[in-house]
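Enquirer: Pasting in a structure now, in structure tokens, and then I'll have a few things to ask.
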Amino acid sequence: MSNHLALDGAGPPANERALHIEELVKRYPTGVEALRGVSLGIESGGFFGLLGPNGAGKSTLIHCATGLAQPTSGTIRVFGHDAIGDYAEARQVVGLAPQELNLDWFLTVEETLDYHAGYFGMPKRERRDRTRELLETFSLTAKRDERTRTLSGGMKRRLILARALMHRPRLLILDEPTAGVDIELRLELWHYVQRINREGTTILLTTHYLEEAEQLCDRVAFINEGQIVAQGSSAELTSAYGVTNLEDAYLALVGRQELSRSQLEGLVS
Amino acid sequence: MSTAQIRFLTLWRREVNRFMKIKKQTIGAPLLETFLYISVFGAALGSRIGELHGIDYVVFVTPGLIMMAWSTNAFANNSSSILQQKFQGAIQDQLSSPASPLELLLAFALGGFTRGFLVAALTFIAASFLIDLPVDHILVLIPALFLVGFFFSQLGVLVGVRAEQFDDIALAQTFVLQPLIFLGGVFYSASLLPEPFQTLTYFNPVYYMINLIRYGFLGYSEASVALSLLALAAATVALFAVNLRLFSRGYRLRA
């Protein structure tokens with residue numbers, strides 16, 4: 001089977017897409033090429049999963065799209081705005097919940113949300129109302145005056161998600177949002193994210209939980225060694241790899257079919 | 001208020017909030033340190049030294065101490081704030097916002113400038129209760145203090161951006177900045193030094209800053225006021241240009 005499955009059709013023009021990436025290359029000064037000509041399109045209102053093994057280039061791609069990394073070459077457009085040339089317009093409509101718990105230890109929970117909204121130019125009254133709303137949504141109201149360093153891991157994760165949503169982004173990027181969180185938060189999160197997706201927010205999700213990606217995402221891309229090797233709907237990918245679920249398609253991609261649950265179940269029986 | 005104004009104000013508020021949350025360390029300690037300098041060098045040693053160039057010793061050293069308070073606090077605040085945020089990754093929140101490199105640089109710089117100003121102003125107020133400190137040339141003093149504050153704020157930003165560990169900041173502060181300040185004539189008049197130390201002092205940029213501030217307060221300077229002011233302004237602009245280039249390139253801030 002070819003490693004490069006072109007399941008993504010031409011689709012609508014770049015300006016109508018939430019995220020449009022063309023021939024993106026990121027080469028670090030050490031010479032490491034984290035992204036090698038990545039092209040990707042996410043339709044407005046879509047729920048897109050970006051899957052791949054550790055070190056495949058998922059976070060680098062996200063960092064390039066949000067201004068945390070500078071691409072070596074290629075184009076990134078966010079709702080038609082060039083992420084490099086029109087970075088202010090592009091970043092204004094993106095919310096990022098990064099994989100790392102990158103909270104400022106000096107700030108309280110409430111300040112974290114308020115300052116983030118301020119960076120995006122939200123007026124005071126709007127910041128106050130939105131902060132109250134998200135504190136409530138993510139069950140953080142009782143912790144509002146606590147410094148972020150005193151929060152548990154789960155609470156920090158909630159806060160990072162709330163922070164990403166503060167400025168009402170049109171594209172929400174969730175980089176491993178459920179890594180290390182309990183089942184309750186995971187379900188709460190997915191309910192919330194599905195709701196805002198139905199209301200029009202585009203979601204880009206990276207996760208190692210493939211069954212979640214299969215349930216949530218309407219389109220999925222596999223990235224490996226800095227290249228998009230397949231993209232399409234879950235059904236298209238499973239069919240292309242001749243397997244029954246996304247996990248097996250992923251294992252086929254990384255050449256570890258022997259780890260498939262069906263194989264393991266066969267061994268146990 | 002425009003979106004850009006809200007953004008800039010928030011970026012600056014965050015910097016001020018940070019140092020105000022640890023004000024015992026960031027405001028109280030430097031204030032006590034300066035007060036101790038005035039007490040030890042002024043009251044204790046000053047009574048033995050008497051006058052320098054016809055000025056009471058304690059009065060002679062106080063302008064330099066005010067400048068030292070402003071400069072060291074502006075530097076320390078910005079260098080440690082930026083490195084700390086890089087360490088925690090919290091700086092990503094600002095970097096992924098629509099803020100321009102210029103907005104980010106000015107806000108970081110202004111944070112340290114504000115802390116330096118607060119400590120210097122409190123030092124001045126406290127000193128005014130203890131000694132009779134004149135302000136002879138306010139039109140020189142104000143721009144000189146502002147330039148000194150802005151220069152060291154920028155220097156703090158530069159060191160903070162370049163630093164990869166806290167040791168890098170300590171190295172700059174302990175082995176470069178403090179010797180330059182202490183040997184720049186805060187506690188003595190360079191004209192009284194034997195050679196080659198007197199000539200060596202003329203190569204120390206901080207010497208000209210201290211002279212400017214001393215002239216603003218006391219009307220006494222050993223160096224050309226106009227030339228010192230011009231050189232300080234040029235150095236500040238040059239440092240700002242270097243920092244702006246680093247921020248625009250994302251040097252050690254963006255991968």
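The values are calculated or read from the model by the stated rules, or taken from the named source; none is laboratory data. Because the structure is a prediction, the values reported are computed rather than measured. Quick reminder, even Gly has a Cβ in these numbers, built from the backbone with ideal geometry, and neighbours come from all protein chains shown. To get the accessible areas, we keep the full protein, side chains included, count just its heavy atoms, and leave off ligands, DNA and RNA. Shrake-Rupley method; radii C 1.70, N 1.55, O 1.52, S 1.80 Å.
Enquirer: Return the total of residues in the range A:115-126 being surrounded by fewer than 23 Cβ atoms within 10 Å (Cβ to Cβ) and more than 7 Å from chain B (Cβ to nearest Cβ).
Expert: Residues in the range A:115-126 being surrounded by fewer than 23 Cβ atoms within 10 Å (Cβ to Cβ) and more than 7 Å from chain B (Cβ to nearest Cβ): 3 in total.
Enquirer: Consider A:His81 against the criteria (1) more than 10 Å from every other protein chain (Cβ to nearest Cβ); (2) under 18 Å from the mean Cα position of the chain (by Cα): it satisfies all of them except one. Which criterion is unmet?
Expert: Just one mismatch for A:His81, condition (2).
Enquirer: Output the residues belonging to the range A:151-197 that are part of a helix (DSSP H, G or I) and acidic (Asp, Glu).
Expert: A:Glu184, A:Glu188
Enquirer: For the list (1) more than 27 Å from B:Lys21 (Cβ to Cβ); (2) away from chain B (no Cβ under 14 Å), I need the number of the one condition that A:Asp175 fails.
Expert: A:Asp175 satisfies all of (1) more than 27 Å from B:Lys21 (Cβ to Cβ); (2) away from chain B (no Cβ under 14 Å) except (2).
Enquirer: Hey, any hits in the range B:164-182 for a residue that's polar (S, T, N, Q) and open to solvent by less than 30 Å² (accessible area, probe 1.4 Å)?
Expert: No: the range B:164-182 contains no residue that is polar (S, T, N, Q) and open to solvent by less than 30 Å² (accessible area, probe 1.4 Å).
Enquirer: Among what's in the range A:85-114 and is within 21 Å of A:Thr201 (Cβ to Cβ) and part of a loop (DSSP other than H, G, I, E, B), pick the residue that is least open to solvent (accessible area, probe 1.4 Å).
Expert: Checked the range A:85-114; the qualifying residue least open to solvent (accessible area, probe 1.4 Å) is A:Pro98.
Enquirer: Another question about this same structure. Looking only at the range A:219-240, count every residue that is more than 13 Å from A:Gly52 (Cα to Cα) and in contact with a strand residue (DSSP E or B) (Cβ under 8 Å, 6 or more places away or on another chain) and tell me the total.
Expert: The qualifying residues number 6.
Enquirer: From (1) crowded, with 23+ Cβ neighbours inside 10 Å; (2) closer than 29 Å to B:Ser2 by Cβ; (3) of a type in the set (Val, Ile, Thr), pick out the condition that doesn't hold for B:Thr114.
Expert: (1)
Enquirer: Right, next: Please state which one of B:Gln92, B:Gln154 is in a helix (DSSP H, G or I) and more than 14 Å from the chain's Cα centre (by Cα).
Expert: The match here is B:Gln92.
Enquirer: Another question, then. Which numbered condition trips up B:Val58, out of (1) within 12 Å of chain A (Cβ to nearest Cβ); (2) part of a helix (DSSP H, G or I); (3) not charged (D, E, K, R)?
Expert: So B:Val58 meets the others, but not (1).
Enquirer: Restricting to the range B:4-53, count the residues that are out of contact with any helix residue (DSSP H, G or I) (no Cβ under 9 Å at 6 or more places or on another chain) and within 25 Å of A:Arg127 (Cα to Cα).
Expert: 2
Enquirer: If the requirement is being closer than 28 Å to A:Gly45 by Cβ, of a type outside the set (Ser, Thr, Tyr) and out of contact with any strand residue (DSSP E or B) (no Cβ under 8 Å at 6 or more places or on another chain), which of these qualifies: A:Leu151, A:Leu185?
Expert: A:Leu185
Enquirer: Restricting attention to the range B:30-55, which residues are among the small types (Gly, Ala, Ser) and closer than 13 Å to B:Asn77 by Cα?
Expert: Matches in the range B:30-55: none.
Enquirer: Looking for something of a type outside the set (A, V, I, L, M, F, W, C), touching a residue at least 12 places away in the same chain (Cβ under 8 Å) and open to solvent by 70 Å² or more (accessible area, probe 1.4 Å) - is there at least one such residue anywhere in the range A:246-260?
Expert: no
Enquirer: Continuing with this model, one more query. In the range B:200-230, which residue that is in a helix (DSSP H, G or I), among the hydrophobic types (A, V, I, L, M, F, W, C) and open to solvent by 60 Å² or more (accessible area, probe 1.4 Å) is nearest to B:Tyr188 (Cα to Cα)?
Expert: B:Leu200
Enquirer: B:Gly149 - would you say it is of a type outside the set (Val, Ile, Thr), within 14 Å of another protein chain (Cβ to nearest Cβ) and more than 16 Å from B:Gly250 (Cα to Cα)?
Expert: no
Enquirer: Considering only residues that are more than 10 Å from chain A (Cβ to nearest Cβ) and of a type in the set (Ser, Thr, Tyr), which ones fall in the range B:73-120?
Expert: Matches in the range B:73-120: B:Ser79, B:Ser80, B:Thr114.
Enquirer: Give me a count of the residues in the range B:1-30 that are away from every other protein chain (no Cβ under 14 Å) and crowded, with 19+ Cβ neighbours inside 10 Å.
Expert: Total satisfying the criteria: 1.
Enquirer: Moving to a separate point now. Restrict the check to the range B:48-55 and report whether at least one residue is in a helix (DSSP H, G or I) and more than 14 Å from chain A (Cβ to nearest Cβ).
Expert: Yes - at least one qualifying residue is present in the range B:48-55.
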